[in-house]
Amino acid sequence: MSIELLAMLGGSVAGFIMKLIAAQSEAQSRHLDAMIKKQEAADVSADKAAARAGGVWVRRFITIVILFAVVVAPFIVSFTGQGVSVLSEKSGGLFGFIGSIFGLGGQNWETVSGFVLLPEVRQGLLAILGFYFGSSQVK
């Protein structure tokens, strides 16, 4: 193989490598531009969502109502003396198995004194606490 042939082969390989590197760099640049445009669109959408009227006040109202139901309402109800009716199961003996076979079990209404704290209210309180404590850890 002659020197000229080796130089021409080496030049073409070097040209191919440089062209490949340039194409990859251009593709990466286009990908970066697309990501920047996508982030700008997400930012515009978030700004529009934050600017909507009432969103903040609705969340604050829900938070206040849940905190009222957990903290203040039990004290108010304890001074009224009113009962709460709840549905309970009648046991028919031996953990309710015999009663359910012979029809001795069933449901009845009982009046209890106090305040009924629903599971949904507890879950809402846990979500609020998690959100506020979680956001305070980020700052």
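Of note:
- Residue in region 46-57 that is at pLDDT below 75, more than 30 Å from Tyr132 (Cα to Cα) and touching a helix residue (DSSP H, G or I) at 6+ places or on another chain (Cβ under 9 Å) present: no
- Criterion: farther than 17 Å from Ala127 by Cα and of a type in the set (Phe, Trp, Tyr) - qualifying residue of Phe75, Phe61: Phe75
- Any hit, region 7-22, residues being farther than 25 Å from Ile128 by Cβ, surrounded by 10 or more Cβ atoms within 10 Å (Cβ to Cβ) and within 22 Å of the chain's Cα centre (by Cα): no
- Residues located in region 67-83, provided they are among the small types (Gly, Ala, Ser), touching a Ser or Thr at 6+ places or on another chain (Cβ under 9 Å) and surrounded by 10 or more Cβ atoms within 10 Å (Cβ to Cβ): Ser78, Gly83
- Some residue of region 50-66 being in contact with a Leu (Cβ under 7 Å, 6 or more places away or on another chain) and either surrounded by 10 or more Cβ atoms within 10 Å (Cβ to Cβ) or in the same structural domain as Leu118 (by TED's automatic domain parsing) (or both): yes
The values are calculated or read from the model by the stated rules, or taken from the named source; none is laboratory data. Because the structure is a prediction, the values reported are computed rather than measured. For neighbour counting, all protein chains shown are included, and Cβ atoms are generated from backbone atoms with ideal geometry for every residue, glycine included.
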